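Following: one structure in structure tokens, then a few remarks.
The values are calculated or read from the model by the stated rules, or taken from the named source; none is laboratory data. Note that the structure is predicted; figures quoted are calculated from it, not measured. Here Cβ is always computed from backbone atoms with ideal geometry, including for glycine, and neighbour counts include all displayed protein chains. Side chains included, ligands, DNA and RNA excluded: accessible areas come from the protein's heavy atoms. Shrake-Rupley method; radii C 1.70, N 1.55, O 1.52, S 1.80 Å.
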Amino acid sequence: MTTSVPTITLNNGARIPQLGFGVFQVPDAETTEAVTSALDAGYRSIDTAAIYANEVGVGKALAASDIERGELFITTKLWNADQGYDATLTAFDASLAKLGLEYIDLYLIHWPTPARDLYRESWKAIEKLVSDGLVRTAGVSNFQPAHLRRLLESASLVPAVNQIELHPGLQQNELRALHAELGIATEAWSPLAQGAVLGDDAITSIAAHHGKSPAQVVLRWHLQLGNIVIPKSVTPTRIGENIDVFGFALTDDEMAAIAALDRGLRTGPDPDTLN
Ligand code: NDP
């Protein structure tokens with residue numbers, strides 16, 4: 001099955017599929033099968049990270065696929081312990097080798113870890129990787145407004161993406177507005193809140209009305225807001241369901257009903273205090 005996923009044009013002109021596949025918490029040995037299912041279902045963007053310890057599994061699925069490299073969009077992330085100029089370059093080489101690739105489409109600083117204050121040096125290293133052609137697009141993850149502003153004081157490149165926790169329980173309106181002002185695309189991690197919002201009444205009733213699943217409604221909400229999403233599943237039926245979200249639309253009233261679910265629900269760490 002081939003599903004056509006729209007792309008978002010980033011601030012460097014690169015295009016990222018608006019919907020991709022996340023592999024957080026998937027053991028390396030199961031990752032190849034999950035990514036292969038996702039590629040078969042039509043996903044072309046895969047989101048991993050050094051700390052997920054499954055870059056090898058992702059790489060095996062890519063190597064076994066006959067999809068051309070240029071049609072794939074692969075993201076990985078610099079782990080916190082590897083921040084700093086030289087350490088970033090070394091960690092990047094390790095990720096590239098594990099994935100078995102010649103370049104990475106999107107390389108992210110995974111967390112700002114503000115107390116360590118190394119993200120500006122790490123960014124300089126990523127800028128070098130961009131100029132060397134090894135990273136096509138540079139971005140960050142879990143950056144709060146203060147971290148973005150501090151980074152931009154010394155950056156040559158504006159991050160193309162900030163990948164942040166974002167779902168109906170944590171809508172991140174302040175960051176989304178800042179991203180729009182700075183030309184940074186918003187990428188939503190845990191777009192389904194790891195399931196924590198799928199039982200909300202507003203979502204289940206909208207789902208029933210459209211004959212869709214709660215997860216499909218939540219993903220549709222993200223897409224209509226302009227977010228990039230990377231839902232994770234190891235379940236083939238859900239992998240298929242999560243990409244089958246381009247044949248219906250939520251009304252303005254339905255978007256408003258979901259907007260009312262914003263409640264400061266963090267399922268992951270707070271970026272201001274994770275160090
Ligand atoms: P998600 O919000 O994508 O939720 C994943 C969970 O929801 C899994 O338990 C999955 O179960 C279940 N699920 C998936 N689809 C459905 C469905 N259609 N119906 C019901 N349940 C469903 O959580 P993640 O935390 O995995 O976030 C997605 C991706 O974001 C990660 O995989 C990772 O790539 C990225 N991420 C980035 C972070 C960062 O710091 N930058 C932090 C966290 C995540 P099952 O697999 O059993 O089917």
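Here are a few things to note about the model shown:
- Each residue in the range 237-269 was checked for being assigned to a helix (DSSP H, G or I) and either more than 20 Å from the chain's Cα centre (by Cα) or among the small types (Gly, Ala, Ser) (or both), and 10 pass.
- Odd one out for residue 156 among (1) within 18 Å of residue 106 (Cβ to Cβ); (2) of a type in the set (Ser, Thr, Tyr); (3) within 14 Å of the ligand (Cβ to nearest atom): (3)
- Of the residues making up the range 2-36, those that are within 12 Å of the ligand (Cβ to nearest atom), on the phi < 0 side of the Ramachandran plot and under 16 Å from the mean Cα position of the chain (by Cα) number 8.
- Of the residues making up the range 172-197, just one is farther than 19 Å from residue 24 by Cα, within 14 Å of the ligand (Cβ to nearest atom) and part of a loop (DSSP other than H, G, I, E, B), namely 172.
- Answer from 163, 194 - the residue that is open to solvent by less than 10 Å² (accessible area, probe 1.4 Å), of a type in the set (S, T, N, Q) and touching a residue at least 40 places away in the same chain (Cβ under 8 Å): 163
- Taking the listed residues 238, 263, the one that is open to solvent by 10 Å² or more (accessible area, probe 1.4 Å), away from the ligand (no atom under 12 Å from the Cβ) and either farther than 17 Å from residue 43 by Cβ or touching a residue at least 12 places away in the same chain (Cβ under 8 Å) (or both) is 263, with no other qualifying.
- Condition broken by residue 126, with the remaining ones in (1) surrounded by 15 or more Cβ atoms within 10 Å (Cβ to Cβ); (2) of a type in the set (Val, Ile, Thr); (3) in a loop (DSSP other than H, G, I, E, B) satisfied: (3)
- When the range 218-229 is limited to residues that are among the hydrophobic types (A, V, I, L, M, F, W, C) and surrounded by 23 or more Cβ atoms within 10 Å (Cβ to Cβ), the one that is farthest from the ligand (Cβ to nearest atom) turns out to be 221.
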